[in-house]
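So the structure is just underneath, and the comments pick up after that.
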Amino acid sequence: MEHNRPFEHSVRDALRGIAYTIKTERNFRLELVGAFVVLCGSFFVPLTMPEKIGAWIVVFFVLCAELFNTAIERAVDVAMREENAIARHAKDTAAAAVFVVSIGAFFYGCFLVWNIVQRVSL
């Protein structure tokens, strides 16, 4: 592997990985729609700057977790051509990471809604 590649090559590879995940992973496409709604909505909902930054960070954590999950699943698929319990555990654990981050994002969203309702009702 080439270690001193031009930065543009790294960006191209990263974008190719994102494009692959968009093309092959339905959940990633759904998460992108959710990300778009949250990121656009953050400009129209009365959030404090820390709340807005937190929402953006949570969104990007979910997307990154899904990208890692896809990478792990594909690497396991290449390494193990046939069914294997350890490979299944690796894939399940990667999926669990996405699930845990998504639960955290959901609760952060609930926290934001609660705070907005509290501010508006005062």
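Residue-level check: of (1) touching a Leu at 6+ places or on another chain (Cβ under 9 Å); (2) among the hydrophobic types (A, V, I, L, M, F, W, C); (3) assigned to a loop (DSSP other than H, G, I, E, B); (4) surrounded by fewer than 17 Cβ atoms within 10 Å (Cβ to Cβ), Trp56 misses just (3). Residue under question is Asn27, and the condition is that it be over 20 Å from Leu15 (Cβ atoms) and polar (S, T, N, Q); does it hold? Answer is no for this residue. Scanning the stretch 57-112 for residues that are in contact (Cβ under 8 Å) with a residue 40 or more places away in the chain and either among the small types (Gly, Ala, Ser) or in contact with a Ser or Thr (Cβ under 8 Å, 6 or more places away or on another chain) (or both) yields a total of 9.
With the structure loaded, tell me whether Phe28 is loosely packed, with under 14 Cβ neighbours inside 10 Å and of a type outside the set (A, V, I, L, M) or whether it fails that test.
On the way: loosely packed, with under 14 Cβ neighbours inside 10 Å: no; of a type outside the set (A, V, I, L, M): yes.
When the stated conditions are applied, Phe28 does not pass them.
Would you check if Ile72 is closer than 30 Å to Val117 by Cβ and not small (Gly, Ala, Ser)? Here the answer is no, as Ile72 does not meet what is asked. The listed residues are Leu47, Leu112, Leu39, Leu122, and the only one of them that is under 30 Å from Asp13 (Cα atoms) and either at pLDDT 95 or above or of a type outside the set (S, T, N, Q) (or both) turns out to be Leu39.
Can you name the residue in the stretch 66-122 that is hydrophobic (A, V, I, L, M, F, W, C) and in a loop (DSSP other than H, G, I, E, B) and is also farthest from Val45 (Cα to Cα) among such residues?
Here the answer is Met80.
The values are calculated or read from the model by the stated rules, or taken from the named source; none is laboratory data. Keep in mind that this is a model prediction, so the values were computed, not measured. We place every Cβ from the backbone using ideal geometry, glycine too, and count neighbours over all the protein chains shown.
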